[in-house]
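Enquirer: Pasting in a structure now, in structure tokens, and then I'll have a few things to ask.
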Amino acid sequence: MKVMEHKTFIVEDNGAGMRIDKFLAEQDDTLTRSAVVRLIEEQQVTVNGAVPSKNARLKTGDTVILSVPEPVPPEAKPENIPLDIVYEDNDLLVVNKPRGMVVHPAAGNPDGTLVNALLYHCGDSLSGINGVLRPGIVHRIDKDTSGLLIVAKNDFAHQHLAEQIKVHSFTRKYQAVVCGNLKEDTGTINAPIGRHPTERKKMAVTLKNSREAVTHYRVLERFGTYTHVELTLETGRTHQIRVHMASIGHPVAGDPVYGGKKYLASLGGQCLHAYYIAFVHPRTGETLSLSAPLPDYFTDFLQKLR
């Protein structure tokens with residue numbers, strides 16, 4: 001079995017006494033407990049150098065090494081799904097993704113994704129840099145976030161766009177409705193983001209194993225219990241806006257993961273829309289500035305608040 005990488009974990013006090021399958025499933029959110037059990041049976045896990053039983057319990061200070069086999073991704077299938085294309089040429093296209101659409105196939109979402117739709121629309125003309133499950137995908141937005149997403153049609157465009165994201169010359173602006181009344185009209189949240197220390201499928205503001213994250217916000221309209229804001233990303237970390245706004249006590253309205261007690265289920269997901277994007281075209285060198293109007297779910301909520 002070809003191994004992609006070895007992951008090493010040192011068991012801390014909060015992991016002592018925990019079953020190894022549960023421990024590893026919490027440490028690595030890409031694996032289910034059943035997948036961990038299968039890896040243990042295939043002798044891809046060691047504890048202090050020895051292969052454990054699948055129900056072994058851990059002690060503080062144990063060194064656990066997990067060998068993750070290289071996945072063999074299935075081919076994503078083209079599907080005739082309508083796309084709202086804001087811009088398109090021979091190198092790239094910009095799509096206005098609806099809320100509820102997953103960007104690329106994964107466990108639990110094998111079809112109906114943006115990638116399935118792109119394969120139907122573009123055929124073979126998509127960048128292959130991110131592999132067969134994520135062709136052309138330069139950056140992503142969450143399933144329940146709507147808005148603009150750039151797709152590269154070739155590797156030349158993909159590499160140039162990825163470099164712009166890396167050096168923060170890529171402008172991305174969002175609009176959101178957040179809970180509560182922000183004190184200031186403008187502000188900046190500069191707080192590192194990494195994996196949540198105990199809930200492995202969440203991100204958090206943390207100093208441990210984190211990366212720099214900067215979000216600028218500007219108040220557009222106040223409603224007392226809610227605030228309509230514009231948010232500009234300086235960096236692009238996973239769940240960045242949702243984590244940052246929750247960290248200052250103003251989670252995005254309708255956010256089921258970070259909303260806490262302020263979660264508004266009736267919204268059907270976070271009220272967050274990627275409405276503006278600007279970047280240098282990789283072929284022409286010209287700056288492209290594109291925007292997408294607020295979707296109905298967003299404007300309907302604003303209307304109710306007014």
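Enquirer: Test of understanding: among G100, G131, which residue is among the small types (G, A, S), part of a loop (DSSP other than H, G, I, E, B) and either buried (at least 20 other Cβ atoms within 10 Å of the Cβ) or at pLDDT 90 or above (or both)?
Expert: Only one candidate passes the filter, namely G100.
Enquirer: Limited to the range 161-183, what total is found for residues that are part of a loop (DSSP other than H, G, I, E, B), modelled with pLDDT under 95 and surrounded by fewer than 16 Cβ atoms within 10 Å (Cβ to Cβ)?
Expert: 4
Enquirer: Please work out which one of (1) free of Cβ contacts under 8 Å to residues at least 40 places away in the same chain; (2) open to solvent by less than 50 Å² (accessible area, probe 1.4 Å); (3) more than 23 Å from I165 (Cα to Cα); (4) in contact with a Gly (Cβ under 8 Å, 6 or more places away or on another chain) is the condition S210 fails and give its number.
Expert: For S210, the exception is condition (3).
Enquirer: Next question. Would you say S266 is among the polar types (S, T, N, Q), open to solvent by 10 Å² or more (accessible area, probe 1.4 Å) and in contact with a strand residue (DSSP E or B) (Cβ under 6 Å, 6 or more places away or on another chain)?
Expert: Against the criterion (among the polar types (S, T, N, Q), open to solvent by 10 Å² or more (accessible area, probe 1.4 Å) and in contact with a strand residue (DSSP E or B) (Cβ under 6 Å, 6 or more places away or on another chain)), S266 does not qualify.
Enquirer: Additional query: Which of the residues that make up the range 123-161 are over 16 Å from the mean Cα position of the chain (by Cα) and over 21 Å from E79 (Cβ atoms)?
Expert: Residues satisfying the conditions are I129, N154, D155, F156, A157, H158, Q159, H160, L161.
Enquirer: Condition first: out of contact with any Ser or Thr (no Cβ under 7 Å at 6 or more places or on another chain), closer than 19 Å to N96 by Cα and surrounded by 14 or more Cβ atoms within 10 Å (Cβ to Cβ). Now tell me which residues in the range 292-306 satisfy that. Let's see the steps before the verdict.
Expert: If we filter the range 292-306 for residues that are out of contact with any Ser or Thr (no Cβ under 7 Å at 6 or more places or on another chain), which is where we start, we get 292-294, 296-306.
Now narrow it down to the ones that are closer than 19 Å to N96 by Cα: 292-294, 296-300.
Result: A292, L294, Y297, F298.
Enquirer: If you check V68 against the conditions, is it over 25 Å from the mean Cα position of the chain (by Cα) and part of a strand (DSSP E or B)?
Expert: no
Enquirer: Somewhere in the range 221-236, is a residue small (G, A, S), open to solvent by less than 40 Å² (accessible area, probe 1.4 Å) and under 23 Å from L182 (Cα atoms)?
Expert: Scanning the range 221-236 turns up no residue that is small (G, A, S), open to solvent by less than 40 Å² (accessible area, probe 1.4 Å) and under 23 Å from L182 (Cα atoms).
Enquirer: So G61 passes all but one of these: (1) open to solvent by 60 Å² or more (accessible area, probe 1.4 Å); (2) modelled with pLDDT of 90 or more. Which condition number does it fail?
Expert: (1)
Enquirer: Name the one entry in A246, A274, A278 that is among the aliphatic types (A, V, I, L, M), without any contact (Cβ under 8 Å) to a residue 24 or more places away in the chain and not in a loop (DSSP other than H, G, I, E, B).
Expert: A246
The values are calculated or read from the model by the stated rules, or taken from the named source; none is laboratory data. Bear in mind the structure is a predicted one, so any value in this text is a computation, not a measurement. Neighbour counts run over all protein chains shown; Cβ positions are idealised from the backbone, glycine included. When the accessible area is computed, the model is the full protein with side chains, heavy atoms only, and any ligands, DNA or RNA have been set aside. Shrake-Rupley method; radii C 1.70, N 1.55, O 1.52, S 1.80 Å.
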